[in-house]
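These notes concern the structure reproduced below.
The values are calculated or read from the model by the stated rules, or taken from the named source; none is laboratory data. Quick caveat: nothing in here was measured; it's all calculated off a predicted structure. Quick reminder, even Gly has a Cβ in these numbers, built from the backbone with ideal geometry, and neighbours come from all protein chains shown. Ligands, DNA and RNA are stripped out before the accessible areas are found, and what is left, the full protein with its side chains, is counted by its heavy atoms. Shrake-Rupley method; radii C 1.70, N 1.55, O 1.52, S 1.80 Å.
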Amino acid sequence: STLLRALSGRLSEQDKQAGTIALNGRPMLESYQGWRRMCPYVGPSDADHAPVLTVQETFEFARRCTAKDGTSNEDIKKDVHNMMVSLGLDHVADTVVGDENLRGI
């Protein structure tokens, strides 16, 4: 969680970061909007998490939350597919995420 918060620029006052995070060789602060478009982050709190959604639906929800107005459904689905392939999650796309009460990934 701390790594994801650091990558998304959401470190709390309690978190410590040493060093520099770079995107394509540019420090994150210089390319922050590019970073957010490339790697959106939706927090893991129970209020944000819907255990009955599939992995693909969860990524699509997160992508829709960060999409610019007018982004087509086709573009969102393509982005989600590419991200799941990059993360090696395409084989579980139709599996529910789950939680402590519902078995999932």
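Here are some notes:
- One residue from GLU30, GLU74, GLU13 being among the charged types (D, E, K, R) and at pLDDT below 75: GLU30
- Failed criterion for CYS65 (all others in (1) exposed (fewer than 13 other Cβ atoms within 10 Å of the Cβ); (2) without any contact (Cβ under 8 Å) to a residue 24 or more places away in the chain; (3) under 16 Å from the mean Cα position of the chain (by Cα) hold): (2)
- Against the numbered list (1) open to solvent by less than 40 Å² (accessible area, probe 1.4 Å); (2) touching a helix residue (DSSP H, G or I) at 6+ places or on another chain (Cβ under 6 Å), ILE105 comes up short only at (1).
- The C-beta contact set for the range 90-103 (first residue within 14 Å of GLU60 (Cβ to Cβ), second residue of a type in the set (Phe, Trp, Tyr), distance under 9 angstrom, 6+ apart or interchain) comprises ALA93/PHE59.
- Close pairs (6 angstrom Cβ cut-off, 6 or more residues apart or separate chains): part of a helix (DSSP H, G or I) in the range 78-89, basic (Lys, Arg) anywhere: ASP79/ARG63; VAL80/ARG63
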